[in-house]
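The values are calculated or read from the model by the stated rules, or taken from the named source; none is laboratory data. Keep in mind it's a predicted model, so treat the numbers as computed, not measured. A quick note on method: Cβ atoms are made from the backbone with ideal geometry, for glycine too, and the neighbour counts reach across all protein chains shown. Protein only, heavy atoms only, side chains kept; ligands, DNA and RNA dropped before computing areas. Shrake-Rupley method; radii C 1.70, N 1.55, O 1.52, S 1.80 Å.
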Amino acid sequence: MTVLVPNSAGGQAENLTGPGQVPPAREPGSRDARALLAPKLPADRTRGWIVTVVIGLIAGVVRLWDLGHATDKGTPVFDEKYYAIQAWQMLRNGGYEDNPGYEVVAHPPVGKQLIAIGEWLFGYGPFGWRVSAALAGAVMVVLLVRIARRLTRSTLLGALAGILLICDGLSHVQSRVGMLDVFQALFVLAAFALLLVDRDQVRQRLADVVAEGRIGDSRWGPRLGFRWWRFAAGLSLGLTCGVKWNGIYYIMAFGLLSVLWDALARRTAGVERPWAGALVRDVVPALGSLLALPLAVYFATWANWFASETATDRHAAIIADDVGFGFLPAPLRSLLYYQLNVLDFHTHLSTGSNPHPWESKPWAWPMGMRPMLYYYESGLPGCGESNCVQATMLLGTPALWWLSLPVAAWAIWRAVSRLDWRYTAVLVGYAAGYLPWFVNLDRQMYYFYATPMAPFLVLGIVLVLGEVLGAAPEHTERRRTGLLLVALYVGLVVANFVWLWPILNGFPITQEHWQAELWLPSWR
């Protein structure tokens, strides 16, 4: 049977079908098909944008606050020592690295180019090599407000999503260091947001066809025309790979999700053969926008490398004996040789017998059981005593991350038992950033690899908060109780973030305070 279930916080009804059940066929032009297809966003558009801008400004202030403070005696901390220097090389050379003796150019250029923009504006200093990451972190908050609002049809829940992401310690710290992961998380989230808009646009186009009585003209359903939002998502996914290679997993995950949405939309519209229709009408355009386009964008990100004469391995095809790929032009052969060297670097980056003291494996990430210490100094003044500690620890806010397993279990239950597309979408985004790391557990891994997972964790929590809050038709007492519980939880997250603030930002604290911040033995 097909049931109409109110969305969280008073949103409009959505089509939720039980497991193994198929919606009844609808006559072309049926009113229920049009009602189920047409997107039903909140009517408070102006208020929604005001809330988004205000929360975005708060995020900017929080991410930028005393941004250049915690350094290794004025030099970069942890992997900033690679990326800040390589970004500065790019400024000097015109967009590419050229130090083959350094030979730790382990990632594509996009993230380092974004760091270079900050260094170009503010010089080679901690603020310069971190400001781009801080702005990327603030933009992520803005995107998440809009995404959560679209998922839940609630401006309130969209605002709560933004607040929770501001208060996530992992997202906060990664937005305040000159590293690459926050840029990848930004492009992943942007692609997800664009695909959500594309989903609504497709459903609106199908609703229009139903209204015109043309849905039965073809057993496969109508062609949907060019989809600019999905095209833009492909651009964003190409930039995701241009930051780090594991963006390929998001291409696969989001491509499958997009085609699944198309098939379900055709089924809701009453198309005679919706799955075949999606295969015939939607798969090839999806491959163009979400596979061929990202691949083209990825190679385009190497434009400065191609234009150079001294970039790393730029002329490997001329001077090396083992390049291979003789059927390709020399520049492409050199780039592939370079990429294979990078692949070899990552393949052999293993834990070995002497693991890094702050290394962690993916099973520890969902609950943040093994954080990272980026910076530590003791014996300093500034906390009211002569022996103060300054530390920057990459640590997900426990009030958020310790709920990851129950939230994931609930999301799986909702996705399977109720076929709730919102939980399914969030699970796909979360899993694409998490499950691939189990393929090679011998590889050296760190908690900051979980950065793209954080916004999807927040979205899952917000969907649950929407159910706690209840839908608008609920009894007043039920809504008030739900609102109280939601407010208490959000207040707990904010308080937890405030408590962690000194060790997220490297501010001076006493030795006693430092010990009090380290809640678990695995944090030490």
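Values for this structure:
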| item | result |
| --- | --- |
| Peptide ranges 55-62, 252-259, 447-454 listed from the most packed, as the mean C-beta count within 10 angstrom indicates | 447-454, 252-259, 55-62 |
| Accessible-area composition of the chain, carbon plus sulfur, in percent [1.4 Å probe] | 67 percent |
| The chain - mean residue ellipticity at 222 nm from DSSP helices (-39,500 (n - 2.57) per run, n ≥ 4, rounded to 500) | -18000 deg cm²/dmol |
| Under Karplus coefficients 6.51, -1.76 and 1.60, residue-wise ³J(HN,Hα) of the range 295-303 in Hz, glycine/proline x | 5, 5, 5, 4, 5, 5, 5, 8, 4 |
| Range of Cα positions in the chain per principal axis (Å), largest first | 72, 66, 43 |
| Table column - 3J(HN,Hα) (Hz), the range 222-234, Karplus curve with 6.51, -1.76, 1.60, x for Gly and Pro | x, 6, 9, x, 6, 10, 5, 5, 5, 4, 5, 4, x |
| In degrees, nearest ten, helix 247-269 long axis to first principal axis of the chain (Cα) | 10 degrees |
| Solvent-accessible heavy-atom area per residue, rounded to whole Å², over the range 279-437 at 1.4 Å | 46 Å² |
| Globularity ratio of the range 216-299, using Cα Rg and 2.2 N^0.38 Å | 1.17 |
| Ordering of 45-52, 227-234, 369-376 by packing [mean C-beta count within 10 Å, highest first] | 227-234, 369-376, 45-52 |
| Integer Hz, Karplus 6.51/-1.76/1.60 couplings in order for the range 326-343, x for Gly and Pro | x, 7, 9, x, 4, x, 5, 4, 5, 5, 5, 4, 4, 5, 5, 5, 5, 4 |
| Paired Rg and Dmax values of the range 438-524, which use every Cα atom, in angstrom | 18.5, 54 |
| Cα-derived Rg over Rh, computed across the range 111-257 with Rh taken as Kirkwood radius | 1.09 |
| Residues of type aspartates and glutamates that K361 reaches as a straight line, Cα spacing below 15 Å, ignoring anything fewer than 8 places off in the same chain | D442 |
| For the chain, Cys with no neighbouring Cys Cβ under 4.7 Å | C167, C241 |
| Other-chain or far-sequence residues with amide H under 5 Å of Q444's (modelled H) | S350, T351 |
| Equivalent ellipsoid, the range 86-171 (semi-axes from 5 times Cα gyration tensor eigenvalues, Å) | 35, 13, 10 |
